[in-house]
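**Student:** Just passing along the structure, written as structure tokens.
Derivation of every value follows stated rules applied to the coordinates shown; laboratory data play no part. On a predicted model such as this, the values are computed, not experimentally measured, just so you know. Cβ coordinates were reconstructed from backbone atoms using ideal geometry, including for glycine residues, and neighbour counts include every protein chain displayed.
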Amino acid sequence: MSEVDHNKAVRNITEALKGPVADVYRDLIPAFSDMKGDSFYDSVIASPDMLHGCLLIFRKRRDAFSHLLVDAKGREVADDFVRLRCGRSVHDIIAMIVRTHAKRHFRDSLGGDPNDASSKSGRLYAAMNEYLIHEWQVPLVAHYAPLPLAKMRELGPALLELKTAAEVDAVVAAAGGTPIVNGKPVLSIAPPRNGNGAAALAPPRAEEPILVQTNSREADFWWETLNDAMVRNALGSLSDNDKRELTAAFCSISETTRTHLLGDFSLSLFQGAVLLTKCYQGLGRATFAQVFGKPGSPDTVKAFAVRLKAKNVSSRMDLNTLARTAEANLSNMGRATPRAGGPRPPAARV
């Protein structure tokens, strides 16, 4: 396809994302109702959490977008690799979105114009762009940014073999770069150990209220997820106050928690809600905030993620098994998991 045709296709897709696609999201997510097309598009593309959430919603509610997913003859397309009317497939469009997000992040974190191959961000993007193709890479973009250019050129397509932030961070560190965790450079990604070989946990802190703006778009994502029938079935009865408390806690988790408990396992929002709820119920508000909140305890989070990985937690694990696995692996992180039927942790005021 010629450069002119390519540019036209990109413009058409971008206009669709700002127009009819944004309209669908506004219908599905009330919090988006006051966002115009350009504002919606810019906000989502700039935020890894919002972008990843929107892509997950697309997968769950593809039926809501079916009128847009048609070929040149108006027939509905269910295959990600079949061309749509715009001349691109769903797979192509997702790759374009991931690349656009990467450009935004590289520009902000590395400086320069990512479209200019002579700039720092442009050199890394040029070496990486053909391998930015999957939605699961969105949470990894921030971890790609510190990759030394020479290492990225050496990796080539092997970049796609790095499926978790921890794997990317390890490559960055081995190549002499400085991994970014929780928005800050870290010199070591190995958790310190106590005398028993377990990750050290900071001393308990007094109970403090979790303060968060619960009318945020992220809060809407978590609220809708906690109200999903499959999630309710895995978690049992939750009152509206329970869900408000959990939503506030989830909106306050650290980037390390997002990366190592959600991103590294490629968990869906539903799986993430079940895992975090069991952690919250098992540890209580104060310890949950101490470990998973901001700034939290990154070393403890990573050690917990290692235990979950050893129990074969993955995006393929069903919600009920995930709930049981999370409960069974909390014992070394603070106070013991409460017995069935025992008192719930104290409620946070939100």
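**Student:** Could you list the chymotrypsin sites (Phe, Trp or Tyr not before Pro) in region 19-103 that lie in coil according to DSSP, counting only those with at most 13 other Cβ atoms within 10 Å of their Cβ?
**Tutor:** Sites meeting the loop and neighbour criteria: Phe81.
**Student:** Give, rounded to the nearest 20 debye, the magnitude of the charge dipole that region 217-328 has about its Cα centre when Lys and Arg contribute +1 at Cβ and Asp and Glu contribute -1 at Cβ.
**Tutor:** Rounded to the nearest 20 debye, it is 340 debye.
**Student:** Longer than 25 Å from Cα to Cα, which of Lys8/Lys163; Lys243/Lys309; Lys278/Lys309; Lys103/Lys151; Lys163/Lys243; Lys36/Lys163 are they? Say none if no pair is.
**Tutor:** Flagged as over cut-off: Lys8/Lys163; Lys243/Lys309; Lys163/Lys243; Lys36/Lys163.
**Student:** Among Val301, Thr225, Phe250, pick out the residue whose Cα is farthest towards the positive end of the charge dipole of region 217-328, where Lys and Arg carry +1 and Asp and Glu carry -1 on C-beta, about the Cα centre.
**Tutor:** Val301
**Student:** Follow-up. Dimensions of region 217-328 along principal axes (Cα, Å, largest first)?
**Tutor:** Its Cα atoms span 32, 29, 24 Å along the three principal axes.
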